[in-house]
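Q: Before I ask anything, here is the structure I am working with.
The values are calculated or read from the model by the stated rules, or taken from the named source; none is laboratory data. Keep in mind the model is a prediction, meaning the values are calculated, not measured. No Cβ is skipped: glycine too gets one built from the backbone with ideal geometry, and neighbour counts run over all protein chains shown.
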Amino acid sequence: MSFWERLLKIDRKIIFIVMAVLVLFPLLKPLGLGVNSGPRAKAVFDAVDAIPPGKTLLISVDFDPASMPELYPMLVALMRHAFARDVKVLLCGLWITGAGLADKAVTEIPPEYGKEYGKDVVYLGWKAGVDAVILGMGENIKNVFPVDYYGHPLDSLPMMQEVVRLRDIPFMVAISAGTPGFSDWLLYGQSRYGLRVGAGVTAVSAADAYPFLQSGQLTGLLAGMKGAAEYEVLVAKNGYSKAYMPAVAAMDSQSLAHLVILFLVVLGNVAFFATRMKRR
Amino acid sequence: MRRSLPLAICLIMGIVMMVQFFVPHPISVGFYDLTTKWIRIVSAFALVLGVGSLILYHLDRLQRRRAGWVYSIVTLVALVVTAVIGLVWGVKPGSPLQEVIFKNMLVPLNASMFAILAFYMASAAYRAFRARTKEAALLLIAAFIVMLGMVPVGAAIWGKLPEVAEWILSVPNMAAKRAIVFGVALGAIATSLKVILGIERGWLGGGK
């Protein structure tokens, strides 16, 4: 067996070990590659920045723990940005497995800015029937969610006196790991009620969002962990938060992971063609 | 009667809801509000159907001792245990369902499953991603640029790389995606019309 043939049959455990080492190393010792914010993330940032203090940002938590490393930092950075500007935050979700993640953010982030539940932030929870939920919220949020995630009647929450329907919300960000997600908010929330929508998506589904960006239906896009890191940088640069930036910290790892995969693809192709030439 | 009644309801509701969209009269809005409530209630019943279907499928696998039948036991036990915990102690924050099942089981399991994808992707890319044809080579080059352009190391290698990656996503990718979106939308309109007019009857089931 030639060198190239042996290379093609390399034990996958070796690949796994190389990958694990290169992902872990930058987490322990950051490379400091830095993150530059692109126009898509800046568009989301500007839209949140343009919400007048006292008004409400809606965030739909449409992801599960599988996508948490990519999408949860977006949720946290968006909430920090809003609270730093005295913008109220209303959360809901189209994924039942995202309910606990939104609860975690609602428990941890508002106290950093001295914000109170019910006055500055409300979490509606999850309800079955994606399109009907969005359409119902367009008419009257209380009809769909008579009580919030914690069982408080919406009438008892001061923030919900001013937010009756989707038209009362100047901007929303749908943080989606798939379907249901931002496309449902565009389809029902925007087309029917004129809701301005920005999206945060996993890197693999970012390509699906591009047609809606160019058409202007999506105001901006946070794509994958890089999008989350870009937003964290924007929030920090503008003095809204000095907190630890998990997505920025993970970008070095992701850089090395991408390099490993690309190196392996090149190596695999070289070995493949070298073996084929030798056989001829 | 068993087929004609659902067909008639579908035809009437389909046409009424289409017309309703363009009529802002309070009666029309009220009717729309009522139907969205019905939809939410019907959606909740889909959950019951889903659970029933899951149980029947896995019981069948167990009875026939199909490959991997042990995993069916895991699924059924997990379903029963989760349901019992939820029904007995509730689903509110702080309940065992949230603290034990969600935070300490679902979150780490789900995150681990997704995390190991990176390892399998690396291995699969090494073994399968070959530039055997011109099209495959083109795909490989595009993937190469986008993968590098989407991480900070890409900009460190060549400052223009993120712009090139952005162009690939914004122009050729978007053109293809838009064609797919149009195709799907036209297909959905055609199928919806066929369902409303009773031409497509697959949703009624196979019985007489």
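Q: Any chance the range A:268-278 includes a residue that's closer than 21 Å to B:P152 by Cα, more than 7 Å from every other protein chain (Cβ to nearest Cβ) and modelled with pLDDT under 95? Full working, then the answer.
A: To start, the set of residues in the range A:268-278 that are closer than 21 Å to B:P152 by Cα comprises none.
The answer is no, given that none of the residues of the range A:268-278 is closer than 21 Å to B:P152 by Cα, more than 7 Å from every other protein chain (Cβ to nearest Cβ) and modelled with pLDDT under 95.
Q: Pick out, from the range B:151-208, the helices (runs of 4 or more DSSP H) lying fully within it that include 2 or more residues that are of a type in the set (D, E, K, R). Talk me through it step by step, then tell me what you get.
A: Numbers: elements: B:152-157, B:161-168, B:174-196.
Hits in the range B:151-208: B:161-168, B:174-196.
Q: If the Cβ limit is 9 Å and pairs must be 6+ apart or interchain, which residue in the range A:27-43 that is within 13 Å of another protein chain (Cβ to nearest Cβ) pairs with which residue that is among the aromatic types (F, W, Y)?
A: That search, which allows pairs on different chains as well, returns A:L31/A:F25; A:S37/A:F45; A:S37/A:Y231; A:A41/A:Y231.
Q: For the condition in contact with a Phe, Trp or Tyr (Cβ under 9 Å, 6 or more places away or on another chain) and touching a residue at least 24 places away in the same chain (Cβ under 8 Å), what is the one hit in A:G220, A:G194, A:G227?
A: Working: A:G194 fails: in contact with a Phe, Trp or Tyr (Cβ under 9 Å, 6 or more places away or on another chain); A:G227 fails: in contact with a Phe, Trp or Tyr (Cβ under 9 Å, 6 or more places away or on another chain).
Among A:G220, A:G194, A:G227, only A:G220 is in contact with a Phe, Trp or Tyr (Cβ under 9 Å, 6 or more places away or on another chain) and touching a residue at least 24 places away in the same chain (Cβ under 8 Å).
Q: Please find, within the range A:189-237, the residue that is surrounded by the most Cβ atoms within 10 Å (Cβ to Cβ) out of those that are more than 24 Å from A:L256 (Cβ to Cβ) and of a type in the set (K, R).
A: Among residues in the range A:189-237 that are more than 24 Å from A:L256 (Cβ to Cβ) and of a type in the set (K, R), the one surrounded by the most Cβ atoms within 10 Å (Cβ to Cβ) is A:R196.
Q: Inside the range A:1-62, counting only helices (runs of 4 or more DSSP H) that do not spill past its ends, which hold 3 or more residues that are at pLDDT 95 or above? Outline the logic, then answer.
A: Numbers: elements: A:3-8, A:12-28, A:39-49.
In the range A:1-62, the matching helices (runs of 4 or more DSSP H) lie at A:39-49.
Q: Taking the range B:158-188, which residues are surrounded by 13 or more Cβ atoms within 10 Å (Cβ to Cβ), within 10 Å of another protein chain (Cβ to nearest Cβ) and β-branched (V, I, T)?
A: Selection gives B:I168, B:V181.
Q: What single numbered condition from (1) out of contact with any helix residue (DSSP H, G or I) (no Cβ under 6 Å at 6 or more places or on another chain); (2) surrounded by 12 or more Cβ atoms within 10 Å (Cβ to Cβ); (3) at pLDDT 90 or above fails to hold for B:G90?
A: Going through (1) out of contact with any helix residue (DSSP H, G or I) (no Cβ under 6 Å at 6 or more places or on another chain); (2) surrounded by 12 or more Cβ atoms within 10 Å (Cβ to Cβ); (3) at pLDDT 90 or above one by one, B:G90 breaks only (3).
Q: Of all residues in the range A:153-163 being surrounded by 15 or more Cβ atoms within 10 Å (Cβ to Cβ) and over 13 Å from A:C92 (Cβ atoms), which is farthest from the other protein chains (Cβ to nearest Cβ)?
A: Across the range A:153-163, the extreme among qualifying residues is A:M159.
Q: May I ask you to say which residue of A:M225, A:M137, A:M159 is in contact with an Asp or Glu (Cβ under 6 Å, 6 or more places away or on another chain), part of a helix (DSSP H, G or I) and under 22 Å from A:L101 (Cβ atoms)? Give the derivation first.
A: Numbers: A:M137 fails: in contact with an Asp or Glu (Cβ under 6 Å, 6 or more places away or on another chain); A:M159 fails: in contact with an Asp or Glu (Cβ under 6 Å, 6 or more places away or on another chain).
Sole residue among the options that is in contact with an Asp or Glu (Cβ under 6 Å, 6 or more places away or on another chain), part of a helix (DSSP H, G or I) and under 22 Å from A:L101 (Cβ atoms): A:M225.
Q: Still on this model: Just to be sure I understand the filter: pairs with C-beta atoms under 8 Å, separated by 6 or more residues or on different chains, first member in the range A:105-124 and farther than 19 Å from A:Y72 by Cα, second member surrounded by fewer than 17 Cβ atoms within 10 Å (Cβ to Cβ) and polar (S, T, N, Q). Which pairs pass?
A: Once the first residue is farther than 19 Å from A:Y72 by Cα and sits in the range A:105-124, its partners that are surrounded by fewer than 17 Cβ atoms within 10 Å (Cβ to Cβ) and polar (S, T, N, Q) give A:G118/A:S156.
Q: Tally up the residues in the range A:63-91 that are within 14 Å of chain B (Cβ to nearest Cβ) and assigned to a helix (DSSP H, G or I), please. First the steps, then the outcome.
A: Residues of the range A:63-91 within 14 Å of chain B (Cβ to nearest Cβ): A:63-73, A:91.
Okay, now just the ones that are also assigned to a helix (DSSP H, G or I), so A:65-73.
Result for the range A:63-91: 9.
Q: Kindly indicate which of B:V48, B:V42, B:V74, B:V29 is loosely packed, with under 10 Cβ neighbours inside 10 Å and either of a type in the set (A, V, I, L, M) or facing chain A (nearest Cβ under 8 Å) (or both). Quick ask: steps written out before the conclusion?
A: Working: B:V42 fails: loosely packed, with under 10 Cβ neighbours inside 10 Å; B:V74 fails: loosely packed, with under 10 Cβ neighbours inside 10 Å; B:V29 fails: loosely packed, with under 10 Cβ neighbours inside 10 Å.
So the residue among B:V48, B:V42, B:V74, B:V29 that is loosely packed, with under 10 Cβ neighbours inside 10 Å and either of a type in the set (A, V, I, L, M) or facing chain A (nearest Cβ under 8 Å) (or both) is B:V48.
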